[in-house]
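This report concerns only the one structure given below.
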Amino acid sequence: MESVWIVLLCVAVYMAILALISFLVRRSSGTSKSFTTGGKAFPAILIGFLLASEFIGTTASVGTAQVAYRSGVSAAWNIAVLGLGFVLFAWLLAHRFRALGESTISGALARFYGERVRKATSVLMVCALMTVAVSTYASGGALLSSLLGIGNVPAILLVGIAATSYVLIGGMRSVIYTNVLHAVVMLAGIAILAAVGVNRAGGAAAIRMGLPDEFFSISGVGWPQIFAWLVAGVGAIFATQYVVQAIATTPDPGKARIATLWSAAILIPFGVLASVVGIAAAVIYPGIDSIQALPSLTVDLPPLVAGFVVAGLAGAIFGTVAAITLACSTLLVKDFIDPNFNSTGDDRRSVLSLRVATVAVGLLPVVLAITAEDVVAVTFLAKALRAGLAVLVLLMFFRPGFGTRTGALVSIFASLVATIGWFLADNPFGIDNAYIAIAVPMVTMTLFHLAARLRGPRAQQERTASAATEPSA
């Protein structure tokens with residue numbers, strides 16, 4: 001009982017630090033622009049940690065350790081591919097998004113494909129991110145419930161209220177500073193767990209002798225699975241609202257590229273460390289449920305160390321939720337509320353709308369997470385949306401005259417429907433639904449492009465309309 005109170009005290013202190021940060025930067029959220037972008041340009045390293053923190057959630061830590069418990073070190077690819085995705089993003093898109101000057105993914109796509117695509121992108125992105133939020137609340141609440149010894153409902157409420165509160169108070173600047181703290185604490189925490197796990201398992205040699213050889217193969221989970229993780233990860237990075245929103249806070253295109261490289265430098269070692277936790281747990285705790293690999297090692301730590309690690313896990317959950325909350329509220333206000341209910345452009349009304357939207361999108365998933373069952377199974381929706389949009393993002397920057405505006409609109413919904421169907425069919429022929437998510441918009445845009453050429457000059461005018469903004473981009 002004493003150990004539980006020490007862990008709870010550590011988490012309470014951590015939450016107090018988050019509250020203090022939000023209070024100190026509250027003045028930076030006085031205008032709609034400062035609320036959504038932080039009000040100033042931030043150093044590349046801070047944005048790099050921010051971006052990394054948004055992908056280090058319960059799936060990245062607990063999930064990777066779980067896979068490693070079953071399959072070995074190759075589970076590290078689950079997170080390492082995100083690092084590779086950020087390297088590609090730095091090379092291909094970071095400086096282009098920053099030069100475009102848009103803080104929303106829907107606004108960027110609307111530059112090339114029109115207002116219909118803006119609305120469709122915004123609706124689908126909000127739905128995708130809210131789905132991720134429900135999953136994060138449910139899985140994070142379950143994790144904190146077991147680690148803190150509290151009920152599942154109080155744990156979910158703790159996550160939702162804490163994350164929503166500091167976003168509401170401090171806006172984007174609060175999210176940047178607190179998520180940087182989350183990333184540092186989580187990275188230190190997973191390093192501690194890996195070191196303790198290896199030590200308790202008897203060292204690297206004992207782990208090697210205690211597990212099958214395939215546990216130490218870099219392709220233990222299979223190259224098709226690894227490549228599917230890469231496709232899904234790259235799609236999530238290339239076309240996610242909070243990535244675009246974070247890039248908009250860097251000083252210039254060059255710093256935007258450096259920020260994403262910092263993210264890669266954090267995510268790759270994090271994946272390796274999380275997999276080490278899993279294989280160490282496989283030696284120390286044989287026969288347990290694989291999902292308990294990381295929590296089991298955590299509760300065996302000395303109370304103060306366990307409190308630090310649990311605070312890091314809580315921070316990882318808060319970081320993901322905060323990024324999602326701010327991203328969704330920004331999209332809703334910029335694309336729907338302001339155009340329809342604030343035609344005069346009153347900034348005070350925009351700020352009020354942002355705060356109301358923040359509360360709504362922050363607390364609605366709490367209700368759904370408490371009442372929903374098996375919510376993790378529906379997170380494929382977010383992957384489908386983002387992977388399909390990633391194709392349009394690449395086309396708009398590198399082949400802006402390819403396809404048509406109508407083709408872009410159709411491809412968004414076609415990708416969603418096809419990927420859902422493929423997932424429900426349990427990935428026929430062993431083809432992962434991530435491949436369907438990117439194949440459908442590619443085929444759709446190609447068909448509309450060919451049809452436009454066959455229809456002649458009038459269709460050609462529509463097809464090339466999206467290319468008109470290419471010089472400014």
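Quick look at the values:
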{"quantity": "Segment 413-426 residues that are over 14 Å from Met442 (Cα atoms), paired with ones that are among the aromatic types (Phe, Trp, Tyr) (beta carbon under 9 Å, 6 or more apart)", "calculated": "Ile420/Phe380; Trp422/Tyr435; Phe423/Phe380"}
{"quantity": "Qualifying position, being closer than 20 Å to Ala322 by Cβ and buried (at least 24 other Cβ atoms within 10 Å of the Cβ), among Ser139, Ser103, Ser122", "calculated": "Ser122"}
{"quantity": "Residue count, segment 289-328 (criterion: without any contact (Cβ under 8 Å) to a residue 60 or more places away in the chain and hydroxyl-bearing (Ser, Thr, Tyr))", "calculated": "1"}
{"quantity": "Restricting segment 409-436 to residues that are small (Gly, Ala, Ser) and in contact with a Pro (Cβ under 8 Å, 6 or more places away or on another chain), the residue that is nearest to Phe448 (Cα to Cα)", "calculated": "Ser411"}
{"quantity": "Of residues in segment 184-228 being among the aliphatic types (A, V, I, L, M) and surrounded by fewer than 14 Cβ atoms within 10 Å (Cβ to Cβ), the one nearest to Gly48 (Cα to Cα)", "calculated": "Ala188"}
{"quantity": "Checking Ser3 against (1) under 24 Å from the mean Cα position of the chain (by Cα); (2) modelled with pLDDT under 75; (3) in a helix (DSSP H, G or I), the condition it does not meet", "calculated": "(1)"}
{"quantity": "Residues located in segment 277-296, provided they are of a type in the set (A, V, I, L, M) and surrounded by fewer than 24 Cβ atoms within 10 Å (Cβ to Cβ)", "calculated": "Val283, Ile284, Ile288, Ile291"}
{"quantity": "Counted residues, segment 280-309 - those being over 19 Å from Ala12 (Cα atoms), out of contact with any helix residue (DSSP H, G or I) (no Cβ under 7 Å at 6 or more places or on another chain) and not acidic (Asp, Glu)", "calculated": "3"}
{"quantity": "Any hit, segment 401-410, residues being among the basic types (Lys, Arg), in contact (Cβ under 8 Å) with a residue 60 or more places away in the chain, in a helix (DSSP H, G or I) and under 26 Å from Ala90 (Cα atoms)", "calculated": "no"}
{"quantity": "Criterion (under 24 Å from Ser53 (Cα atoms), modelled with pLDDT under 85 and either in contact with a strand residue (DSSP E or B) (Cβ under 9 Å, 6 or more places away or on another chain) or in a helix (DSSP H, G or I) (or both)) met by exactly one of Ile370, Ile317", "calculated": "Ile317"}
{"quantity": "Residue within segment 212-222 that is modelled with pLDDT under 90 and either within 25 Å of Ile412 (Cα to Cα) or among the acidic types (Asp, Glu) (or both) present", "calculated": "yes"}
{"quantity": "Condition met for Phe35 (at pLDDT below 75 and over 26 Å from Ala138 (Cβ atoms))", "calculated": "yes"}
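Results for (1) within 21 Å of Glu115 (Cβ to Cβ); (2) modelled with pLDDT of 85 or more; (3) crowded, with 23+ Cβ neighbours inside 10 Å, shown as yes or no for each residue.
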{"residue": "Leu385", "(1), (2), (3)": "yes, no, yes"}
{"residue": "Leu409", "(1), (2), (3)": "yes, yes, no"}
{"residue": "Leu424", "(1), (2), (3)": "no, no, no"}
{"residue": "Asn427", "(1), (2), (3)": "no, no, no"}
{"residue": "Asp432", "(1), (2), (3)": "no, no, no"}
{"residue": "Thr446", "(1), (2), (3)": "no, yes, no"}
{"residue": "Leu450", "(1), (2), (3)": "no, yes, no"}
{"residue": "Arg458", "(1), (2), (3)": "yes, no, no"}
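Here's the yes/no breakdown for (1) surrounded by fewer than 24 Cβ atoms within 10 Å (Cβ to Cβ); (2) of a type in the set (Lys, Arg); (3) under 28 Å from Thr249 (Cα atoms):
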site	(1), (2), (3)
Phe55	no, no, yes
Val62	no, no, no
Arg70	yes, yes, no
Val81	yes, no, yes
Trp91	yes, no, yes
Ala94	no, no, yes
Phe97	no, no, yes
Glu115	yes, no, yes
Thr131	yes, no, yes
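The values are calculated or read from the model by the stated rules, or taken from the named source; none is laboratory data. Predicted, not measured: the structure shown is a model, and the values here were computed from it. Glycine gets a Cβ as well: all are built from the backbone with ideal geometry, and neighbour counts include every protein chain shown.
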